[in-house]
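Sharing a structure, written as structure tokens. Questions coming.
What follows is calculated from the coordinates using simple rules that are stated; it is not laboratory data. Note that this is a predicted model, so its numbers are computed, not measured. Cβ sites come from the backbone with ideal geometry, for glycine too, and all protein chains shown count toward neighbours.
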Amino acid sequence: MAKLVEGDDPTSPAGTSHKGHRERLRSRFIEAPEALPDYELLELLLAAAIPQKDTKPLAKALIKRFGSFADVITADVEDLKTVDGIKDAAAATLKVVREAAIRLARAPVLNTHVISSWDVLLDYCRTAMSTLPTEQFRLLFLDRKNTLIADEVQQTGTVDHTPLYPREVVKRALALHASAVILVHNHPSGDPKPSRADIDMTRQVKDALAGVGIAVHDHIIVGRKGHMSFKSAGLL
């Protein structure tokens, strides 16, 4: 027979105290969600995945391990599970939040004239990529009216390098009947300044796409410290 641990039974004194704390936390969130510190927001999220457990210590452990709410939800699943108490259900719950944030930010960009909605596009790119622990290369494909027709992650790399193959970019752009492409990648270091390799790779992709009549509108690098546009910097 399984042994009950204090707090497992919601009718026990410990369970009643825990339930009351969670209800008060929910009420505070409903009244002023922006007032909750990162660990309390995590505590509420984790409560959905681990309802029978006091999740405050676990939330604080995640903040200590990763640094902030944003860092926790963008961490890799396997890294999350290195924190004692985080299993598949809790990790999935955290990743659902990240995916929801990305889709909310992407919704105003889809099927719109990207060039005239540039600030919205930048907000989306920062939401999707600026806090990622490793480099990711995203390609935004546009039609003749500069409407976004596809948004795809092309490559995921290491903390400081992501390979991008011009031939694969050309192949995908032709398959989508794209007229232009915007390149986007992140710098986990936080500094969006392009490296020599970034500049050389951009030139190679631009030349390859130009050979089939497809333009590169821009290459955007995002990081915690901001973003950088190759076009604005005169690098395209």
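Under the rule a/c < 1.5 gives rounded, and otherwise a/b versus b/c splits prolate from oblate, where does the range 21-96 land using the Cα gyration tensor?
Because a/c hits 1.5 or more and a/b exceeds b/c, the range 21-96 counts as prolate.
Does anyone have the angle between helix 166-175 and the longest principal axis of the chain? Alpha-carbon axes, 0 to 90°, nearest 10?
Helix 166-175 sits at roughly 90 degrees to that axis.
Given contacts defined as C-alpha pairs under 8 Å and at least six residues apart, what's the relative contact order of the chain, whole-number percent?
Worked out over the chain, it gives 13 percent.
For a protection proxy built on the mean count of beta-carbon atoms within 10 angstrom, sort 94-101, 66-73 highest first, please.
Per-residue mean Cβ counts within 10 Å order the peptides as 66-73, 94-101.
I want the antiparallel fraction of DSSP beta bridges within the chain, as a percent rounded to 5. Kindly include the intermediate steps, with their values, before the conclusion.
Working: 18 of 25 bridges.
Expressed as a percentage, antiparallel bridges in the chain total about 70.
Helix 56-66 versus the longest principal axis of the chain: what angle, 0 to 90°, nearest 10, using Cα atoms?
30
Additional query: Please say if the range 111-229 is rounded, prolate or oblate, where rounded means a/c under 1.5 for a ≥ b ≥ c the square roots of the C-alpha gyration tensor eigenvalues, and otherwise the choice is prolate for a/b larger than b/c and oblate otherwise?
Note, shape of the range 111-229 comes out oblate.
Shifting gears a bit: Using only Cα atoms, find the angle between the long axis of helix 88-106 and the longest principal axis of the chain, and express it within 0 to 90 degrees, rounded to the nearest 10.
40
Just going by the charge dipole of the chain, with Lys and Arg at +1 and Asp and Glu at -1 on Cβ, which of C125, Q52, A35 is farthest out on the positive end?
The Cα lying farthest towards the positive end belongs to C125.
For the ranges 108-119, 222-233, 21-32, what's the packing order if you count other beta-carbon atoms within 10 Å of each residue, average per peptide, and put the highest first?
Top to bottom by mean Cβ count within 10 Å: 222-233, 108-119, 21-32.
Given R₀ = 35 Å, FRET efficiency for V97-S189 by Cβ-Cβ distance, to 0.05?
After rounding, the FRET efficiency stands at 0.90.
Suppose a student asked you for the relative contact order of the range 13-102, using Cα pairs under 8 Å spaced at least 6 residues apart; what percent would you report?
The normalised contact order for the range 13-102 reaches 23 percent.
Specify the residue with the greatest mean-square fluctuation among T93, T82, T74, computed from a Gaussian network of the chain linking alpha-carbon atoms under 10 Å apart.
In the Gaussian network model the winner is T82.
Counting only pairs 8 or more residues apart or on different chains, how many lysine pairs in the range 13-102 have their Cα atoms under 15 Å apart?
Value for the range 13-102: 8.
With the cut-off at 1.5 for a/c, could you classify the range 166-227 from its C-alpha gyration tensor as rounded, prolate or oblate?
Since a/c reaches 1.5 and a/b is larger than b/c, the shape of the range 166-227 is classed as prolate.
Here's something else I'd like to know. Would you check the range 170-233 for Lys pairs whose C-alpha atoms are within less than 21 Å, ignoring same-chain pairs closer than 8 in sequence, and give me the count?
Qualifying lysine pairs in the range 170-233: 5.
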